[in-house]
């Protein structure tokens, strides 16, 4: 006879439990249950059939996996929470009876739980811990700026804010030492930073240095539980980073400098001499001693020579063979280093638009570019004015190589390399103050009023430092002068393929780079038609200086029919480099070839290929599930909105450029008339 199935003993009713059932099983309060779930990473689940999971009831409830709750039964933190509950009862009873000695003893033996084992469970490897750092850094930086009483009904411990500030200072100190800062963005929410450590990109948000007001509907107790976990996580990560760099952790703190507002300048990095000495002893012990080396006798050498002579091969032939084999090995290494991407059998080669695979030379060039970018501000001496956020700019400037930074220590705190605003070695002054009616502002730092227009130093606004660090090069300071309308501060976290930077610095830098190389980039159709006469003269001069580009290659012809294909562009550029054609002539020939292809109507093939792709996409969507189709529709809608916004910005930029050209032409005409008169 088969086993009788009873209701509520199998299926969803057995796999899920409600929150009230979990609390009764664990025998803890609701606050302790929330703390346990946050620390262990357990969150509510949504079953497919809520009515079955709730055993036929339709009442709203939060569900958890039965296995997760069973897993919490063996948690050491749960034991400590129960001990703390018992401790609180005994302490309350002792205070009520007036047994102060017993109460003092109980207070000294207060049960405290640790989170070390939880971190080892949640982050088995170090990269996993680095990936979870963004939330930890954002929350810790927020609590470092909160007051002691964030809300009328909640109070924070006195040492909490100082501990969070210390952790953030130690983190920034390590980032400045390793030059790991990559991107910075000033937004209305705060400052976004992105660093790169051990191949992982870590982005966090830091609020501006104003008084923070916490809304009353925010439960600070839950945030405190998250903060407790994040503080422990960041402490473990900093210990690992500092010890790997052979530095003492925690770094020594100068109390006087910290009290005078030095920030992370109050910490000093020191190498751990004990570990260095132990490593040196280990390396010396690992080296083989002279006694351990086996001595070869003369008789063994003679026997070896006789064997070689008996085989009929002379020593000169052996040497020649070795010499001949050496260049072949190096040549094979060079051939193996440069490799070409092969299309997969499962994908259509016509639809592959992936970027070329990186080679060893490209990776070394990229590392060299990063090394140069991290030394951007090394040759400059920068003075920060008193109205500028000093800690933010100091972190950015020192992360990109600036060695000497000064400011007024009476208003911005201690830690400056120099304090004299009239120091002759100052090259740049960062100010953020309004100008007068005549467009000139008076520089009055140090008690001396002077006109900055007569000063040899460069006066700039804070956005200059951020844009230079994002672009990886020093930008012209004229666009960032005091009183000037600043260029658009675009987010550096969106690349050209995602729709960011199209009308900003990315496109401008590409155009500037191609112009400096002597060539011209791809232009719009309207600009092509207007500037044909000017382009022809420049193209003829470039053709006389450089060899002609080989337009007979198949890759170049295919690229002229489909100029947006990145794979074809890469292949055509490789062929042009092999033939010794400069990039200026290559781009000029590509512009002409695309114009000729459009006039002859040969670009229909690309349209046909796109039509085939759309049909294949429609067939795939017909087979896909409803969830996948809805997700695809949402993605298409958001991408269309991004494209429309980019087109609007492009059109706006073209209008502004045309108006600027007209204004420049009108001013030049007026100047000519005045000179003639």
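Here are the numbers for this structure:
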| item | result |
| --- | --- |
| Given (1) modelled with pLDDT of 90 or more; (2) within 23 Å of residue 492 (Cα to Cα); (3) surrounded by fewer than 17 Cβ atoms within 10 Å (Cβ to Cβ), number of the condition residue 130 does not satisfy | (3) |
| Any hit, the stretch 471-481, residues being outside any helix (DSSP H, G or I), modelled with pLDDT of 60 or more and touching a strand residue (DSSP E or B) at 6+ places or on another chain (Cβ under 6 Å) | no |
| Where a residue in the stretch 22-41 is free of Cβ contacts under 8 Å to residues at least 12 places away in the same chain and in the same structural domain as residue 82 (by TED's automatic domain parsing) and its partner, wherever it lies, is buried (at least 19 other Cβ atoms within 10 Å of the Cβ) and part of a helix (DSSP H, G or I), with Cβ under 7 Å and at least six apart | 23/33 |
| Helices (runs of 4 or more DSSP H) completely within the stretch 1-77 that count 2 or more residues being farther than 20 Å from residue 219 by Cβ | 12-15, 19-26, 50-53, 66-72 |
| Some residue of the stretch 66-77 being surrounded by 15 or more Cβ atoms within 10 Å (Cβ to Cβ) and touching a strand residue (DSSP E or B) at 6+ places or on another chain (Cβ under 7 Å) | yes |
| Condition met for residue 120 (in the same structural domain as residue 225 (by TED's automatic domain parsing), over 25 Å from residue 221 (Cβ atoms) and exposed (fewer than 12 other Cβ atoms within 10 Å of the Cβ)) | yes |
| Conditions (1) surrounded by 12 or more Cβ atoms within 10 Å (Cβ to Cβ); (2) assigned by TED's automatic domain parsing to the domain that holds residue 262; number of the one not met by residue 149 | (1) |
| Segments classed as helices (runs of 4 or more DSSP H), wholly inside the stretch 573-677, with at least 3 members that are closer than 21 Å to residue 554 by Cβ and modelled with pLDDT under 80 | 583-600, 604-623 |
| Checklist (1) modelled with pLDDT of 90 or more; (2) assigned by TED's automatic domain parsing to the domain that holds residue 216; (3) surrounded by fewer than 16 Cβ atoms within 10 Å (Cβ to Cβ) applied to residue 167, failing item | (3) |
| Residues being part of a loop (DSSP other than H, G, I, E, B) and in contact with a helix residue (DSSP H, G or I) (Cβ under 9 Å, 6 or more places away or on another chain) - total across the stretch 193-210 | 5 |
| Residue check, residue 205 surrounded by fewer than 21 Cβ atoms within 10 Å (Cβ to Cβ), closer than 15 Å to residue 145 by Cβ and at pLDDT 90 or above | yes |
| Test: residue in the stretch 45-54 that is touching a helix residue (DSSP H, G or I) at 6+ places or on another chain (Cβ under 7 Å), loosely packed, with under 14 Cβ neighbours inside 10 Å and not assigned by TED's automatic domain parsing to the domain that holds residue 226 | yes |
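The values are calculated or read from the model by the stated rules, or taken from the named source; none is laboratory data. Values in this document were obtained by computation on a predicted structure and should not be read as measured data. Here the Cβ is made from the backbone with ideal geometry for all residues, glycine too, and neighbour counts use every protein chain on show.
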